[in-house]
Amino acid sequence: MASSERTPDALDTSVAHIARVYDYLLGGKDHFEADRAAGEAMLRAYPDIANAMRSNRQFLARTVRYLTEDEGIRQFLDIGTGIPTANNTHEVAQSIAPDCRVVYVDRDPAVLMHARALLTSAPEGVTDYIEADLRDPQAILDHAATVLDFSAPIALLLVAILHFVPNEDQPYEVVTTLLDALPPGSFFTLSHPGSDVDADASKAARSFNDRAAEQVTLRSRDDVMRFFHGLDLVEPGLVQVQDWRPTTPPLAASGTSMWAGVARKP
Ligand SMILES: C[S@@+](CC[C@H](N)C(=O)[O-])C[C@H]1O[C@@H](n2cnc3c(N)ncnc32)[C@H](O)[C@@H]1O
């Protein structure tokens, strides 16, 4: 097991941060007053939001299972990890293939504080944690290359994170930089809240933006599709998270308002 665990420099509890708001909405324990207030405001705007987030977690687990079991992927770069909860990427992957290697990346010190839970690799595999910002993809690649073999296929996971990269921070260029570094046969898993699915999701995003350190940018299905440029989407294509190869009935009565897809780099 490789470890990059450090004591976080600063944990700002005066304003809501998405890692902790997400933890609150998922029923976790790692949140402060400002996070709970933002979470409650989002629930008022979008009563089904907790189910939407749980559906997103289920999508993540299903795709990791699919990539490991059906596509033989053994390496994962999971950026925007979040505070550890059930079915973290390495737990799902290593339950199928214990030799899987997983690099986690997040910029939030609250996630770093829990990195120990992400570093419980099976002895045959490796997990590592990098504190870094998605908007600096080269720094992520440089560190990941010390753990992952970039001559063998890697699955890049950007699950519920790209909406925190506004257009002025070049989200499409960031994704291209990451994908260009991966060899053919690699995979890209993305989920992203839509601007064109459910009006309540837009209200929840506005309510979050009023209270939080980060700002959310919702995107249309067409704009989310552009992230897959040059890749081959696997079936069923770009759909809502609950419709991507479901194995259980949908949790959210009104759908989840999040676009999701998995694609192969040719
Ligand atoms: C909604 S959570 C998603 C967690 C997990 N991927 C999931 O889908 O269950 C978003 C995570 O992305 C992280 N994040 C947001 N913007 C980021 C950035 N620019 N660089 C690195 N991490 C970021 C947040 O700190 C948070 O932990």
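Here, each number is a calculation from the coordinates, and none is a lab measurement. Not measured: the values here are computed from a predicted model. In this analysis, Cβ positions are derived from the backbone assuming ideal geometry, glycine residues included, and neighbour counts consider all displayed protein chains.
Points worth noting:
- Likely footprinting exposure, D198, D35, D223, D12, fewest C-beta neighbours within 10 Å first: D12, D223, D198, D35
- DSSP bridge pairs, segment 128-263: antiparallel proportion in percent, nearest 5: 60 percent
- Across all directions, the average projected area of the convex hull around the alpha carbons of segment 80-139 is 4.0 nm².
- Sites listed here are GluC sites (Glu not before Pro) in segment 66-138 whose DSSP assignment is loop and whose Cβ has at most 13 other Cβ atoms within 10 Å: E124.
- Sites matching chymotrypsin sites (Phe, Trp or Tyr not before Pro) across segment 91-189 that sit in DSSP coil, with at most 15 neighbouring C-beta atoms within 10 Å: F150
- Rounded FRET efficiency, nearest 0.05, which uses the C-beta distance separating A117 from A37 and R0 of 30 Å: 0.70
- Ellipticity estimate at 222 nm from DSSP helix runs (n ≥ 4, -39,500 (n - 2.57)) divided over the chain, nearest 500: -10500 deg cm²/dmol
- Exposure here means at most 15 other Cβ atoms within 10 Å; with trypsin sites (Lys or Arg not before Pro) in a DSSP loop as sites, the longest stretch of the chain lacking them is 30-266.
- About the Cα centre, charge dipole magnitude for the chain (Lys/Arg +1, Asp/Glu -1 at Cβ), debye: 540 debye
- Gyration tensor verdict on segment 197-250 (Cα atoms; rounded if a/c is under 1.5, prolate if a/b is larger than b/c, oblate otherwise): oblate
- Relative to the globular-protein estimate of 2.2 N^0.38 Å, the Cα radius of gyration of the chain stands at 0.93.
- For segment 128-187, radius of gyration divided by Kirkwood radius, i.e. Rg to Rh on alpha-carbons: 0.95
- Diffusion of segment 108-161 by Stokes-Einstein, at 20 °C in a medium of 1.002 mPa s and with Rh set to the Kirkwood radius over alpha-carbon pairs, works out to 168 µm²/s.
- Isotropically averaged projected area of segment 114-266, using the convex hull of Cα atoms (one quarter of hull area), nm²: 10.7 nm²
- Relative contact order of segment 39-191, defined on C-alpha pairs under 8 angstrom at six or more residues apart (%): 23 percent
- Rounded to 5, percent antiparallel among DSSP beta bridges of the chain: 35 percent
- 12 Å beta-carbon shell around G80, net charge (K/R +1, D/E -1): -3
- Here the relative contact order of segment 139-187, from alpha carbon pairs under 8 Å that lie six or more residues apart, stands at 61 percent.
- Rounded if a/c under 1.5, otherwise prolate or oblate - segment 29-115, Cα gyration tensor axes: oblate
- Gap separating the Cα centres of segment 111-153 and segment 181-215, nearest whole Å: 22 Å
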